[in-house]
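Below: the structure, in structure tokens.
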Amino acid sequence: PGGGRQERLCRLVWETGAVREAHRMARERVDVCRAALAVLPPSEHRDRLRQFADLLGEPPPSAEANPVLGKVVAGPPAAPA
């Protein structure tokens, strides 16, 4: 029904580097969070927040995913056949 619009949009987002830039910006913010947490006194809450920051700062998964099927986009969409 969409005439391939979603696939074209996904490809455009990857080709412009928007996904890479979003990941870079997220990692930057996570680094700021880690620095803020480092000055707090030790506690289970600080440790839990650090674990959360570590999770958010992980690189995107390398496995290819299919955004059309509602899966997380982890790699560029396949080129049209």
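Over all other residues within a Cβ to Cβ distance under 15 Å of ARG24, the charged ones net out to -1, with Lys and Arg as +1 and Asp and Glu as -1.
The slack between LEU55 and ASP31, meaning 0.36 nm per residue of separation minus the straight C-alpha distance, is 7.4 nm.
Rule-based calculations on the coordinates, nothing more; no lab input. Since we're looking at a predicted model, the values are computed, not measured. Cβ sites come from the backbone with ideal geometry, for glycine too, and all protein chains shown count toward neighbours.
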